[in-house]
Amino acid sequence: MAKRGAFICIEGIDASGKTTQAKILVRKLRRKGLDAAYTTEPSRGKVGTFIRRYILDREKRVPTTLEALLFAADRVDHLENEVKPALEKGRIVVCDRYVYSSIAYQGAAGLSLDWIQCINQFALVPDLAVFLDVSPEIVLKRLKRNKTVMETNANLQKVREVYLKIVRDGKMITLEGDKPIEEVAKDILRVALDFLERSHAL
């Protein structure tokens, strides 16, 4: 019987280092001989591409209900066409952002967390979800590019609070994200390998 795949998500507010760390984790897992794949949300599919072009890259934020529905639609496409096929092949899928981003960002904007979870009830529950905790003040200093409509101090503070609530609910674990990149990478690898060993995915 082929080994089951594993679905690992790396979450955090913008510029928390999650993209860098997700890619480092994939490289480190591959060096250990594991079949790991990187993916991201919004996805690279048609809905995800639309979100990147017309929803995130704009001066004024679209209605958050529309935003949440588009992200949920992209998640269906992403899961069916990329994540599930990889898991069925026994691969370790490392996802840069997932359903918790929708809960955190649209929830921070005032949408009901229950409603966001309802429209995402189809979403696979990750085997492991890691929240990289970095203060909004630090991440805003890190941003060198133009900020998106969601990247304000006040909004990121609210987003972080929702993320921490998800952690308290036991759906994610939290790691300190403002340490040097390699130290954070070691922490994530340790947690990931511990999980994979305990789940017999190794």
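Just so you know, all these numbers are worked out from the coordinates, no wet-lab data involved. Worth saying up front: this structure is predicted, and the values here are computed from it rather than measured. Glycine also receives a Cβ, built like all others from the backbone with ideal geometry; neighbour counts cover every protein chain displayed.
With a sphere of radius 15 Å drawn around the Cβ of residue 170, what net charge do the other residues whose Cβ falls strictly inside it have (Lys, Arg +1; Asp, Glu -1)? Numbers along the way, then the final one.
Details: positive: 165, 168, 171; negative: 11, 127, 169.
Taking every Cβ under 15 Å from that of residue 170, the sum is 0.
I need the shape label for the stretch 155-202. Rule: rounded when a/c is under 1.5, else prolate if a/b > b/c, else oblate, with a, b, c from the alpha carbon gyration tensor. If you can, show how the numbers build up before the last one.
Numbers: a/c = 4.12, a/b = 1.45, b/c = 2.84.
Judged from the Cα gyration tensor, the stretch 155-202 comes out oblate (a/c at least 1.5, b/c at or above a/b).
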Among 65, 38, 173, which residue has its Cα furthest toward the positive end of the charge dipole of the chain, with +1 on Lys/Arg Cβ and -1 on Asp/Glu Cβ? 38
Hey, for a label at residue 61 modelled as a point 7 Å past Cα toward Cβ, could you say which residues of the stretch 18-51 have their backbone N under 14 Å away? none
Less than 13 Å Cβ to Cβ from residue 94, Lys/Arg counted +1 and Asp/Glu -1: what total charge do the surrounding residues give? +1
So what's the gap between the Cα centers of the stretch 2-79 and the stretch 83-134, to the nearest angstrom? 9 Å
Quick P(r) readout (the chain; Cα-Cα; 10 Å bins; whole %) gives 9, 36, 38, 15, 1, 0
Working from Cα positions, state the angle (0 to 90°, nearest 10) between the long axis of helix 153-168 and the longest principal axis of the chain. 40 degrees
Potential extension, residue 164-residue 117 segment - 0.36 nm per residue separation minus Cα distance: 15.3 nm
